[in-house]
Each structure stands twice: as structure tokens, then as C-alpha cells.
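Participant: Take this structure first; my questions come after.
The values are calculated or read from the model by the stated rules, or taken from the named source; none is laboratory data. Computed from a prediction, not measured in an experiment: that's the story for all the values here. Quick reminder, even Gly has a Cβ in these numbers, built from the backbone with ideal geometry, and neighbours come from all protein chains shown. Note: areas computed on protein heavy atoms with side chains; ligands, DNA, RNA excluded. Shrake-Rupley method; radii C 1.70, N 1.55, O 1.52, S 1.80 Å.
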Amino acid sequence: MTTLMSAAELTQLLEREFPQIDMGGEFVIEAVSPMGAVMRLKGQDKHLRPGGTMSGPAMFLLADVAFYVAIMAQIGPQSLTVTTNLNINFLRKPEPGDLLAEVRLLKLGKRLAVGECFLHSPGDDDPVAHATGTYSIPPR
């Protein structure tokens, strides 16, 4: 099984459809694979919360964008795919710096996609957060 879109094509899609997402400066698609994706958030001061750890909203955004990338890689550029549910459990405090999101799609149907995402610091496999998400795919 192969993907319908490459990391470069997905980056162009996000830059075109979601200019508020800073691709390259803030978010980087590390890899796409059948039923999965890996995305990096380049940690910056604006992503920190009091106490000097990565903020919950930054981690939530990373998980949401990574899910979207994983789905688009499988189904092609269907920009009207939307998040219908995203649940995140924060497991431990992440250190300041980059975070990786590893998404695995569990179900990819005609109308819904469901998956899970683990967030961790590069070089540390222990997750700092775990998210599950459901996305609505528009009819073709």
C-alpha cells in the first residue's frame, strides 16, 4: 500500500489551504506512510507555558495537524475533512524544544477516519501525551 500524497505535496497543501500554519518554520512533516505520519513541532518560546514546559494547546495543535496530514496522505487533497472529536491525555511534562507526533490510523472508511497519536520529545520514546481522534471525510 502506498500513500496518495507525499510529504512535499502535503506541505504545499497545508501552505495553500491553511496559511496560518507555519510549515517549515514551525511544523515539519517528517514522514508519511500507509496509515500513518510523523510530524515535528519546532518548539519556540511561544509554545511554552509558565514553568518552562511545552503548553497543552501547542501539543493539541500538533496532534490535530498530524492527524490531518496522515489522513490526507491516504485519501488525497480533500481539504474539507474536519475534526469531529479529538481527545488528548497529557502524560508528563515535556521539556522545552521540539516535539514529534506519531499518528497511526486505526480505521479509514468512506466517511470517517479514526486514529491515535503519541507525542514525544526527539530521542525519547516515552510519550508526553496520547491523543485519539475522529475525522469526518466529505463525500466525493
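Participant: Work out the P(r) tail for segment 50-92: percent of alpha carbon pairs separated by more than 15 Å, whole number.
Facilitator: 51
Participant: Grab the beta carbon distance between D124 and A8, set R0 = 25 Å, and tell me the FRET efficiency rounded to 0.05.
Facilitator: The calculated FRET efficiency here is 0.35.
Participant: On the protein heavy atoms, probe 1.4 angstrom, tell me the percent of accessible surface of segment 22-74 carried by carbon and sulfur.
Facilitator: Answer for segment 22-74: carbon and sulfur cover 56 percent of the accessible area.
Participant: Taking the DSSP beta bridges in the chain as the whole, what percent of them are antiparallel, to the nearest 5?
Facilitator: 95
Participant: Where does segment 1-54 land on Rg(C-alpha)/(2.2 N^0.38 Å)?
Facilitator: This ratio for segment 1-54 stands at 1.35.
Participant: Provide the net charge surrounding F118, with neighbours chosen by a C-beta distance below 12 Å and charges set as Lys +1, Arg +1, Asp -1, Glu -1.
Facilitator: Local net charge: -4.
Participant: What ratio of Cα Rg to 2.2 N^0.38 Å holds for the chain?
Facilitator: Scaled against compact globular proteins, the figure is 0.99.
Participant: Could the peptides 30-43, 115-128, 82-95 be put in order, highest first, of the mean number of other beta-carbon atoms found within 10 Å of their residues?
Facilitator: Top to bottom by mean Cβ count within 10 Å: 30-43, 115-128, 82-95.
Participant: For segment 131-136, take each phi angle, set θ = phi - 60°, evaluate the Karplus expression 6.51 cos²θ - 1.76 cosθ + 1.60, and give the result in whole Hz per residue in order, putting x for glycine and proline.
Facilitator: Rounded to whole hertz, the list is 10, 10, x, 10, 10, 8.
Participant: In degrees between 0 and 90, to the nearest 10, how far off the longest principal axis of the chain does helix 56-75 point, with axes built from Cα atoms?
Facilitator: Tilt relative to the chain: about 20 degrees.
Participant: Less than 17 Å apart at the alpha-carbon level, and either on another chain or at least 8 residues along: which aspartates and glutamates does that give for K46?
Facilitator: Reachable aspartates and glutamates: D22, E26, E95, D98.
Participant: Give the residue from Q12, F67, H120 lying farthest towards the positive end of the charge dipole for the chain; charges sit on Cβ (+1 for Lys and Arg, -1 for Asp and Glu) and the dipole is referred to the Cα centre.
Facilitator: Of the options given, the answer is F67.
Participant: Sticking with this structure for a sec: Quick one: accessible area per residue over segment 19-111, 1.4 Å probe, rounded to a whole number of Å²?
Facilitator: 50
Participant: Among P50, P96, P19, which one shows the biggest mean-square fluctuation in a GNM of the chain, springs joining Cα atoms closer than 10 Å?
Facilitator: P50
Participant: Which angle between 0 and 90 degrees, to the nearest 10, do you get for helix 7-17 versus the longest principal axis of the chain when only C-alpha atoms count?
Facilitator: Relative to the chain, helix 7-17 is tipped by roughly 90 degrees.
Participant: At 1.4 Å probe size, put V69, V28 in order of accessible surface, largest to smallest.
Facilitator: Correct descending sequence by accessible area is V28, V69.
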